[in-house]
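The values are calculated or read from the model by the stated rules, or taken from the named source; none is laboratory data. Note that this is a predicted model, so its numbers are computed, not measured. Every residue, glycine among them, receives a Cβ derived from its backbone with ideal geometry; neighbour counts consider all protein chains shown. Accessible surface is based on the protein model in full, side chains and every heavy atom, while ligands, DNA and RNA are left aside. Shrake-Rupley method; radii C 1.70, N 1.55, O 1.52, S 1.80 Å.
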Amino acid sequence: MARNQKRSSPARLERLQITLEKPTRPTILLLVFVAFIVAFGARCTWFIDYGNAPYTRFDDSYILTTHDGYAWADGTRDILEDRQDPRSRTAFPVSQLTAVAALALPLELGDIFVFAPPLLGSLLVIPIVLLGSALGSVWLGFAAAILAATAEVYLGRTIPGALDTDMLNVTLATAAACGTIIALQTGSRLIGLVGSLMISIGSWWYPSMWIVFAAMTPIAGVIAIFLSGKHSAIAIPAMMAGALVTQLQPIAGFIAPIAIYALWPLVDRVPTAFNNPRMIAGIGVLACGAIAIASAEFIIDKFRFYFLQTPASQGNFSFLEVQSMVAEMSVTDFGDTMGMLSGATPFIFVFAVIGMALMMVRRRELSIALPMIGLGLLAFPFGIRFGIFAVPWLALGLAYLVFCLANAFVPKFIRTTALVACGAVVVLQVSAARSSLQAPIILSPTAEAAAALADVAGARDLAITWWDYGYPLRYYSNANVVIDGGLMVNQQLLFAVSHALICGDAQDAGNLLRRLSLNVEQQGYRWQDDAMINALIGGQVIPDSHPANDTYLFLNDEMLDELGQIYRFCSVDPRTGETSRPPVITYFKGTSTEGRILRQQFNDNPAKGTVAVSNANVSQVIFAESDAQGRVNRTYRWRIRPGGNLTYIVRVDRGDTLLVDTRLLDSLVVQAFLLGNPPAGFEEVVSTVTARAWRIN
């Protein structure tokens, strides 16, 4: 009896199989095209909000929407101009691909930077539509494709100007998984080769994805040997293992799967004693084990970089780990994360998870996607960016469940009902995404100031700004930027620059920044200066330094949003790794009700300092008036009550308000940038309404 019940289980699952009709090739191509247009159009809604907005264009091009985009753009420009510069990212695939596009297409370079992300990001629909067709319904694949392409987390990372690896990461990983799934289902070695080459390309494009591919390979091996029932399917994990060699030797990673594909027919001629699944499985396990051992350092390093949020040791000190800060910035509310991954609401996300689970019960080959799903679910504890890897499979699950429900309740109108329901979810997702689309990361006056610095600074002079703003600063000014988000950054640099900007006294900042420049001149961009760190910890004055080249400090309005982040880097005690109590830092871009009231009261009577402030800890309000070039020409200090430890700084000309405590009031950012009181030796050389630069004499 139990045996009969067990045999009937698949029959009960038959109602979960959706087969509408066998599609023709023109139908598949048409649906791929329509899905691509929908995906690209959803991304172009960015132009509705920012296409004609002020300050979003500079030098006849849109300003990019990600800091990292300027690193890749800089590498592209260096490739095209044949410049050899150790600071540039000419060796990275993003820069190389956009350089090829610039040579091949009759487009301006800035337009390529802007339109590459939505165009390449929309390619995700291709493998999903093809997988849906292979699973029995190209219409299911079509619905899943537009659901995936418009998921908030993925759409937001592939909007115009978001030039980054994410514009192809998910597409390549999904193509590898879908190719493998279809190959295992059909036993096609050719499709398996395509999937394996996607692994080779993906590992070259974004090396960190290699770990995902390495996890897919043994799953494919188990399915091919024990579940597929097709002898030819054993070649598929073998080609995948060959593609994994890309991590050790890129060229060999492309050659190996092709060679395995070409030579595999010879396996059929091997004597039966040596041609059996168990022996091949054993060889495969040994091969994957050898590759894993050879790449162990890479795996451990990536795991630590992305997931271990601990202080980073450097020399005798411990500093805040860069990736820890990135993770803190990107972690969102649990319910919000669910909606961003699928369906725009937690309720629809739960439906997507249920559908995904049902699909995997019905189609064991889909377990190939488990590494991508697992990585995607790390969005909850470690940051929303990881969620993009789960998006395709959640979309498939949601579409599958919708088709199943349509099959159960309206069997005569399955396709129409399901497509209408999925279309409604697409509208929800696009609406949710539009409310949070990233604006250009800097405004055009900031880009103008960076470009103006190129006319002032010499070829060997050094420029200092905060972290990721080093990318656009270098792109527009071609300056020797001391610190940026990737190549020219280490923990000591971040600690020292954050100390100079916000944690220390403005009067001491000049000596500290000149000392930084001197060390960079002497040791390069990854220097180590324990004596300076000890002096900062002990509250000692940094000895005056005299670098051979001029040093410039560049500050901009956009940086004010990140004052809390800047403070986090210098709030860690390098001796113990412990973090001090964070200060009060709140920046309002003209949206604070109290800030508007304060500005109105000031405009009514600027000479009389009488104002009502609801926060009992505010002791004073400082109003700053600026000229047309952003220079502070007058400040007014209104004292509210004694004993408070907070200060409101109101920029009268624009209504922005900054609330800070006494620890930050004397910092360089507040005194020099907001109040127009730079320390002695700071010579202003560039000024616009959103940015200023000083030569540090």
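I'd like to check one number: the per residue accessible area of region 63-139, probe 1.4 Å, reported in Å² as a whole number.
37 Å²
Rank these residues by their accessible area, most exposed first, probe 1.4 Å: Cys178, Cys44.
Cys44, Cys178
In what sequence, highest mean first, do 407-414, 659-666 appear when ranked by Cβ atoms within 10 angstrom?
659-666, 407-414
Express in nm, to one decimal, how much length is gained between Leu266 and Val361 on full extension, taking 0.36 nm for each residue of separation and deducting their alpha carbon distance.
Result: 30.7 nm gained on full extension.
With an 8 Å cut-off on Cα pairs and a minimum separation of 6 or more residues, tell me the relative contact order of region 464-517 in percent.
29 percent
For the pair Asp561 and Arg25, what calculated FRET efficiency results from E = 1/(1 + (r/R0)^6), where r is the Cβ-Cβ distance and R0 = 51 Å, to the nearest 0.05?
0.50
Which GluC sites (Glu not before Pro) in region 502-578 pass both tests, a DSSP loop state and at most 14 other beta-carbon atoms within 10 Å?
Glu578
Round to a whole number: what % of the accessible area of region 155-255 belongs to carbon and sulfur, probe 1.4 Å?
Answer for region 155-255 is 75 percent, counting heavy atoms of protein chains only.
Rolling a 1.4 angstrom probe over the protein heavy atoms, how many square angstrom per residue are accessible across region 634-697?
37 Å²
Can you send over the solvent-accessible area of Thr657, 1.4 Å probe, protein chains only, in Å² to the nearest 10?
Thr657 exposes around 0 Å² with every protein chain in place.
How much length, in nm to one decimal, is gained on full extension between Val541 and Leu370, taken as 0.36 nm per residue of separation minus their Cα-Cα distance?
56.1 nm
Kindly list the residues of region 494-514 that lie in the label zone of Asp666, defined by a backbone N under 15 Å from the point 7 Å along the Cα-to-C-beta vector.
Only 500-510 fall inside the zone, counting backbone N under 15 Å.
Please report, as a whole percent, how much of the solvent-accessible surface of region 538-586 comes from carbon and sulfur atoms (probe radius 1.4 Å).
48 percent
Say R0 is 30 Å: what FRET efficiency, to the nearest 0.05, do Cys44 and Leu80 get from their beta-carbon distance?
My answer for the efficiency is 0.70.
Figure the gain on full extension for Asn633 and Ala454 (residue separation times 0.36 nm, minus the Cα-Cα span) and round it to one decimal in nm.
Stretched out fully, the Asn633 to Ala454 stretch lengthens by 61.9 nm.
Pairs of alpha-carbon atoms within less than 8 angstrom and 6+ residues apart define the contacts here; what relative contact order does region 488-588 have, in percent?
For region 488-588, the relative contact order is 32 percent.
In whole Hz, what ³J(HN,Hα) sequence does region 392-409 give by Karplus (6.51, -1.76, 1.60; θ = phi - 60°), x for Gly and Pro?
Per residue, the Karplus-derived 3J(HN,Hα) values read x, 7, 5, 5, 4, x, 5, 4, 4, 5, 4, 5, 4, 5, 5, 5, 6, 10 Hz.
Go through region 168-174 residue by residue and turn each phi into a ³J(HN,Hα) via Karplus (6.51, -1.76, 1.60, θ = phi - 60°); whole Hz please, and just put x for glycine and proline.
10, 3, 5, 4, 5, 5, 5
Leaving ligands and nucleic acids out of the surface, order Thr27, Thr690 by accessible area at 1.4 Å, largest first.
Most to least solvent-accessible, the answer reads Thr27, Thr690.
So for Ser436, Ser88, what's the accessible-area order with a 1.4 Å probe, most first?
Descending order: Ser436, Ser88.
What spacing in nm lies between the two simple spin-label points modelled at Asp505 and Thr186, each 7 Å away from Cα in the Cβ direction?
In this crude label model, Asp505 to Thr186 measures out at 7.4 nm.
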